[in-house]
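A short worksheet on the structure shown next.
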Amino acid sequence: MTLLDLRGVTAAYGHVQALFGVDLAVAEGEAVALMGRNGMGKTTTVRCLTRMMPAGGVLDFAGRDLRALASHDAARLGIGLVPEGRRIFAGLTVRENLTVAARRGPWGLAGVHDLFPVLAERAGQAGGTLSGGEQQMLAIGRALMTNPRLLVLDEATEGLAPVIRAQIWDAVGRLKAAGLALLLIDKSLAEMRSVMDRAVILERGRSVWAGAPEEITGQVAARYLGV
Ligand code: ATP
């Protein structure tokens, strides 16, 4: 079943249009990578689907029209966002960061601690004292505590050391195996390839290419991703 369904999505920052027609669907249990060079509209698309900015076109989630909802309602409907720049609560403990987000469902502290054991070790520490990688794990854990039907990861491994990136991608792979639907945005094609079922590429605010990971040939990567 289609969970997220965006069709012809448009959006603007003031008078400057940023999205001109984005088509993007994520089915239940599917992992879709949203790709494209810098400034092509990936984060803007995420802002539209999480209702942080107004958008035109079709934006449906689980059969509901997202445009009728406020951003907290979108979260309640089951969209879990790990935003770019991992915004955790620096003054709250790690445990509090997780429990304030909690909503009923299978994901709780035990599951998050199992996924990222370091969060159990650091449970009583202030969020702000964690390393960048640990904060990113906390941001993912917090999104999971909301028991989302779709987890959106916007640049979840940006600026992290390779060993930490590997841990996070391993965890993302386990979420995928557990059947969670994922929308992935990341600069690393190699790491996303291991998890994604499908990719959608944006160019200047439009979805211009969609396909399976094995169809992302060197030519496609050079044309749309600059790699
Ligand atoms: P990146 O990989 O650099 O994060 P992106 O694909 O996520 O890029 P967006 O951040 O969605 O791209 O940007 C799409 C367009 O919207 C760009 O032209 C960008 O300059 C513009 N834009 C993004 N955020 C804002 C903002 N807050 N105000 C005005 N323009 C913005």
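What to note about this one:
- Of the residues Leu151, Leu144, Leu184, Leu160, the single one that is within 17 Å of Ile79 (Cβ to Cβ), touching a helix residue (DSSP H, G or I) at 6+ places or on another chain (Cβ under 7 Å) and not in a strand (DSSP E or B) is Leu144.
- For segment 194-227, the set of residues classified as modelled with pLDDT under 90 and either under 27 Å from Gly111 (Cα atoms) or in a strand (DSSP E or B) (or both) consists of Ser194 only.
- The set of residues from segment 87-106 being assigned to a loop (DSSP other than H, G, I, E, B) and over 26 Å from Gly159 (Cβ atoms) comprises Ala102, Arg103, Arg104, Gly105, Pro106.
- Residue that is nearest to Gly173 (Cα to Cα), among those in segment 119-136 that are among the aliphatic types (A, V, I, L, M) and touching a helix residue (DSSP H, G or I) at 6+ places or on another chain (Cβ under 6 Å): Leu119
- Test result for Val112, surrounded by 15 or more Cβ atoms within 10 Å (Cβ to Cβ), more than 25 Å from Arg47 (Cβ to Cβ) and touching a residue at least 12 places away in the same chain (Cβ under 8 Å): yes
- Restricting Arg165, Arg223 to those that are touching a Ser or Thr at 6+ places or on another chain (Cβ under 6 Å) and either more than 16 Å from the ligand (Cβ to nearest atom) or not hydrophobic (A, V, I, L, M, F, W, C) (or both) reduces the list to Arg165.
- Scanning segment 1-21 for residues that are among the aliphatic types (A, V, I, L, M) and within 10 Å of the ligand (Cβ to nearest atom), we see that the one that is farthest from Ile185 (Cα to Cα) is Val16.
- Total residues in segment 42-86, condition closer than 25 Å to Gly205 by Cα, outside any strand (DSSP E or B) and either within 13 Å of the ligand (Cβ to nearest atom) or touching a residue at least 40 places away in the same chain (Cβ under 8 Å) (or both): 19
- For segment 19-58, filtered to residues that are among the aliphatic types (A, V, I, L, M) and more than 25 Å from Met192 (Cα to Cα), the residue that is surrounded by the most Cβ atoms within 10 Å (Cβ to Cβ) is Ala55.
- Of the residues making up segment 176-220, those that are in contact with a Ser or Thr (Cβ under 8 Å, 6 or more places away or on another chain) and either within 22 Å of Thr44 (Cβ to Cβ) or touching a residue at least 60 places away in the same chain (Cβ under 8 Å) (or both) are Ile185, Asp186, Ser188, Val200, Ile201, Leu202, Gly205.
- Across segment 87-98, the number of residues qualifying as touching a residue at least 40 places away in the same chain (Cβ under 8 Å) and surrounded by 15 or more Cβ atoms within 10 Å (Cβ to Cβ) comes to 4.
- Selection of segment 166-214 for residues being over 19 Å from Glu155 (Cβ atoms) and touching a Phe, Trp or Tyr at 6+ places or on another chain (Cβ under 9 Å) yields Arg204, Arg206, Val208, Trp209.
The values are calculated or read from the model by the stated rules, or taken from the named source; none is laboratory data. Computed from a predicted structure; not experimentally measured. Backbone-built Cβ (ideal geometry, glycine too); neighbour counts: all protein chains shown.
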